Amino acid sequence: MAAPILELKNVTKIYGSNVIFKNISFSVKEGDAIVIIGPSGTGKSTLLRCINLLTPLTSGEVYLDGHEVNVKGKNEDEVRQHIGMVFQNFLLFNHLTALDNVVLGLTKVKGMKQEQAIEKGRHELKRVGLADRAEHYPGQLSGGQQQRVAIARALAMDPRVMLFDEPTSALDPELIGEVLSVMESLARENMTMLVVTHEMGFAREVADRIIFMEKGSIVEEGSPDQLFRHAKSERTREFLGKIGDLYGKKEGAKKKK
Amino acid sequence: MLIFLQYVVQGAGVTIAVTLVALPLGFILGILLALLYLYAGRFVSGITAVFGTAMRGVPPIVLLFILYFAMSGAVNLTPFWAGSLSLGIISSAYQMEIFRGAILAVGSGQMMAARAVGMSRWRAIRYVILPQALRLAIPPWSNEAAIVLKDSSLVYALGVAEILRRAQLLAASTQQPFLAYGAAALIYFILVFSVNRFLDWLQKRMQIPGLHLSV
């Protein structure tokens, strides 16, 4: 079996006396889609930022392709090139067109030639269904379109793994679907992804494994079927039950065969 | 009146020259100071803050004399250069605040997104932060440009023959202070007005389509 693309060993983040998460360990194999769920304020987003070195870990180890990344002297910019990140609030570069948002990293980080970068940029925009919006500025796009451009921007770097930090939480309900379907197609293409989300329908259908986190720890993890139907922990059942109620019957109904 | 204007306007070249030295110098130093303040370590950041606060806490004319004598003690500078460079240094303290505010208004998310793509901090500043911050800075900067243009009159105190200096000479020799200073005022007004109109135009031209950052 191939070595995992991403491996976390006992990672811990503490702000002052505030423990954000503690001793989290798991690994992500190539082509895996892992979904992290759990109540707000559980440290899920911080965990993603720590993996991407945007926030320093207090302790623990993160390995990308078998190489430890959060060690002193390691070139963080180099590491981040291989990890795609999609944020809750899109964070497109406001002063650039959709195409230039995708192209900027290619030319300024990867050192690709402009023409080549534009070609790749157009390809990535096509991949998220926005070939016709290449010349639009973020302010001229809907939230769903902006998030898809953000996905294209991350994909363009040919990352080893994609991190999604609640990618649909800032979207109007009718725009969520377009972003989720892009993510689903990525999963089908066997992109390795780690997704923090409250979209249980997505988790159930796309995840190879679901990790339920609460108060900075992993409560339970397993296949969607395990967690949704045979959760070992009372707390997991309670949380999934609540979420089901909140997000309506349709999700619950959809999956019942 | 026309004769008065004709005489005083000959100082406009010097006024413009002083401004064209002071304003760009203040611009470059101001951006540099703002970046150091925001992104450098605590020590350097503290020094820039002290510099800015000190410079903004003292009248420009007082600083002008101090810097003028400090500079001419160290190197041999003409009053024109000493005055212009001094005004530029003074302006940098104000421009630092303008750019600091503009960079903060761009938001930390843009930096995070740029870093997430793999850009170094410097690249993120150059390709993502500054292009947006400079646009946001145009309106307040336009104000500072007008102030520097008007403050260039201070170098008259060093004997530089700019607009005000010539008006003063004219007032003394003709005994017509109202006409002489009136001519100076009119010329300053035309200059300031033109600069502001130009910057308004620039701001509109540089506006990012679809983006309505509340200003």
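The values are calculated or read from the model by the stated rules, or taken from the named source; none is laboratory data. Fair warning: this is a prediction, and the values are worked out from it, not measured in the lab. Backbone-built Cβ (ideal geometry, glycine too); neighbour counts: all protein chains shown.
The table below lists the values:
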item	result
Residue list for the range B:115-132, restricted to those being more than 7 Å from every other protein chain (Cβ to nearest Cβ) and among the small types (G, A, S)	B:A124
Strands (runs of 3 or more DSSP E) wholly inside the range A:21-94 containing at least 1 residues that are polar (S, T, N, Q) and at pLDDT below 95	A:59-64
Flag for A:A154 being of a type in the set (A, V, I, L, M) and either within 21 Å of B:Q132 (Cα to Cα) or within 11 Å of chain B (Cβ to nearest Cβ) (or both)	yes
Helices (runs of 4 or more DSSP H) within the range B:107-215 that include 2 or more residues under 29 Å from B:I61 (Cα atoms) and either of a type in the set (D, E, K, R) or touching a helix residue (DSSP H, G or I) at 6+ places or on another chain (Cβ under 6 Å) (or both)	B:130-151, B:163-174, B:177-206
Residue in the range B:41-60 that is loosely packed, with under 12 Cβ neighbours inside 10 Å and under 15 Å from B:I147 (Cα atoms) present	yes
Matching residues, the range B:70-114, being of a type outside the set (A, V, I, L, M) and within 14 Å of chain A (Cβ to nearest Cβ)	B:G107, B:S108, B:G109, B:Q110
Among residues of the range A:36-93, those that are out of contact with any strand residue (DSSP E or B) (no Cβ under 7 Å at 6 or more places or on another chain), within 13 Å of chain B (Cβ to nearest Cβ) and over 26 Å from A:V219 (Cα atoms), counted	11
Residue that is surrounded by the most Cβ atoms within 10 Å (Cβ to Cβ) [pool: residues in the range A:1-20 that are out of contact with any Leu (no Cβ under 8 Å at 6 or more places or on another chain) and assigned to a loop (DSSP other than H, G, I, E, B)]	A:P4
Any hit, the range B:137-159, residues being surrounded by 14 or more Cβ atoms within 10 Å (Cβ to Cβ) and within 14 Å of chain A (Cβ to nearest Cβ)	yes
Residue, surrounded by the most Cβ atoms within 10 Å (Cβ to Cβ), within the range A:50-78, restricted to residues that are under 15 Å from A:I14 (Cα atoms) and not hydrophobic (A, V, I, L, M, F, W, C)	A:G60
Within the range B:166-215, considering residues that are more than 25 Å from the chain's Cα centre (by Cα) and of a type in the set (A, V, I, L, M), the one nearest to the other protein chains (Cβ to nearest Cβ)	B:L211
Residues located in the range A:94-109, provided they are of a type in the set (D, E, K, R) and at the interface with chain B (Cβ under 9 Å from one of its Cβ atoms)	A:K108
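Residue-by-condition table, conditions (1) farther than 26 Å from B:V195 by Cβ; (2) assigned to a loop (DSSP other than H, G, I, E, B); (3) at pLDDT 95 or above:
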residue: B:I3; (1), (2), (3): yes, no, no
residue: B:I28; (1), (2), (3): no, no, yes
residue: B:L33; (1), (2), (3): no, no, yes
residue: B:V50; (1), (2), (3): yes, no, yes
